[in-house]
Amino acid sequence: MAIDWYEEFVDLGYTPARDELVALYYFEPAEGIGRDEAIGRIASESSTGTWTTLHSLPPRMRDLQATAFEVEGNFVKIAYPLGLWEEGNAVQLLSGIAGNIFGMKALKNLRLIDVSLPSAYLRGFKGPHFGIEEVREMMRVHGRPLVGAVPKPKVGFSAAEHARVGFETWMGGFDLVKDDENLTSVSFNRFEDRVRMLAEMRDSAEQLTGERKSALINISADTETMKARAKLLADYGWNYAMIDVVVAGTAAVMTLRDYCSDLGLAIHAHRAMHAAFDRNPKHGMTMQFLAKIMRLIGVSQIHTGTAVGKLAGTRKEAALLADVLRERRTNASGTMALDQDWGEIKSAFPVSSGGLHPGLVPEVLNIYGSEIVLLVSGGIHGHPQGTRAGAQATMQAIEAWKDGETLEEKAESAPELRQALEKWGRYRPK
Ligand code: CAP
Ligand code: MG
């Protein structure tokens, strides 16, 4: 009698039903393990299987088994019956398709690339309460990227100093002042103080400029504390809350999605720690998958990289991520993505950040277009004339791109941009 039954999870002639979830993995079998044994193990451990044949298996349970149904080189597609998954529970989905399987001895490497979510599964989720359109309405910004900056150094300012840097940022033309991912409520800059002082500065910047100004203030903590912080943000008239979504976790984001939308807050998702599982091209999960899950559970915007700034990530990846977040429908491209129809789920903004300065703005906008949130931080505070001039230079670079002018042409009538170009040129940080 056979000891294991992994190959019962492989059927290369199988066509998935319309309501099945399909996951795409890159896999490398460990030494001595055949192709079908390897893919059978992925399908088995992520659905109903165990390591050995069982004394008895009620026939109806066969209907919950996943099926590895298509292999191309080291890529495999696996279909999962809808009934395997709890409605509206992304935590459970991850425990299955992104769970134990990464640790199986039979696999040398395994990477979850994408998942295609059928409309029957999407029905359990609300997606973003504020999609791109709603965010634009709320910020009264149309036809150009939303633009923001983090005060730098990233941690160290008192709340009052932080708010003053924020004021300069807004006065230079930026829409958003963002907290850094590791700034929460520290002894020298308490959350409550920052929220209050920034609100005072926001009110005067709004009065002076006639523009809508906002902040992405980091509420990351345990879930109950995040709720209390979100409430305080709403009390001070803010329209956003920022969460470090990977470290806080899917469950917390799901809870905060409804809580924040009731308070009128859009969620800005910082992705700190994503590179621990998405950087190795052979193992872990892609940013593409994370972005999809985050749109599903309702963030309004999430970091997706710059391709030209200080952090790892390619042009191709940035463009792919923008599609995952913005499009209503995406089509399978080669072996690296699956079809997705988002139905009624709203779109979310990609956020391009990390090592940007005015000289790099056109390149980033060429990749993303203007439907993004652009964060330029060190690249404004390091301007020879300071933060406000740095923000002005960035806005000038955006205008140049929109008007089809080169930065040098624009700089003839834009001294702030000229000074930024003198310092950084087209420098790409390492
Ligand atoms: C950008 C940033 C962001 C990174 C995160 C930073 O600052 O605030 O955390 O962009 O990476 O501290 O690096 P600078 P990603 O503009 O001064 O570089 O957006 O890729 O998730
Ligand atoms: Mg940061």
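A few comments on the model shown:
- For G88, the residues whose modelled amide H falls within less than 5 Å of its own, excluding neighbours fewer than 5 places apart on the same chain, are G124.
- Taking θ as phi - 60° and the Karplus parameters 6.51, -1.76 and 1.60, the scalar couplings of the stretch 391-403 work out to 5, 4, 4, 5, 5, 5, 5, 5, 4, 4, 4, 5, 7 Hz in sequence order, x denoting glycine and proline.
- Taking a ≥ b ≥ c as the square roots of the eigenvalues of the alpha-carbon gyration tensor, the stretch 291-339 is classed oblate because a/c is 1.5 or more while a/b is no larger than b/c.
- Based on Cα atoms of the stretch 6-122, Rg over Rh with Rh as the Kirkwood radius reads 0.94.
- G284 sits among other residues whose Cβ lies under 10 Å from its own Cβ, and their net charge, with Lys and Arg +1 and Asp and Glu -1, is +2.
- Shape call, the stretch 132-424: gyration tensor on alpha carbons, a/c limit 1.5: oblate
- Long-range HN-HN contacts of N109 with modeled amide H, under 5 Å: E28
- Mean shadow area of the stretch 54-200 over all directions, Cα convex hull, nm²: 15.8 nm²
- Under 14 Å from the Cα of K410 - aspartates and glutamates, other chains or at least 8 residues apart: E399, E422
- Among E317, E327, E72, residue whose mean-square fluctuation peaks in a GNM of the chain (springs only between Cα atoms under 10 Å): E72
- Taking θ as phi - 60° and the Karplus parameters 6.51, -1.76 and 1.60, the scalar couplings of the stretch 151-159 work out to x, 10, x, 5, 9, x, 5, 6, 4 Hz in sequence order, x denoting glycine and proline.
- With 10 Å bins from 0: P(r) over the stretch 284-430, alpha-carbon pairs, percent: 12, 38, 29, 16, 5
- Peptides 190-200, 369-379, ordered by how many other C-beta atoms sit within 10 Å of their residues on average, highest first, read 369-379, 190-200.
- Basic side chains Lys and Arg get +1 at the Cβ, acidic Asp and Glu get -1 at the Cβ, and with that the dipole of the stretch 132-424 about its Cα centre reaches some 520 debye.
- Spin-label model, E211/E422: points 7 Å from Cα along the beta carbon direction are separated by 2.4 nm.
- For the stretch 40-57, 3J(HN,Hα) per residue [Karplus equation, 6.51 cos²θ - 1.76 cosθ + 1.60, θ = phi - 60°, Hz, x = Gly/Pro]: x, 5, 4, 5, 5, 5, 8, 10, 10, x, 9, 6, 9, 5, 10, 4, 9, 9
- Of all aspartates and glutamates in the structure, the ones whose alpha carbon falls short of 19 Å from that of K310, not counting any fewer than 8 places away in one chain, are D179, D180, E181, D278, E363.
We did not get these values from a lab; they are worked out from the coordinates using the rules stated. Quick caveat: nothing in here was measured; it's all calculated off a predicted structure. Here the Cβ is made from the backbone with ideal geometry for all residues, glycine too, and neighbour counts use every protein chain on show.
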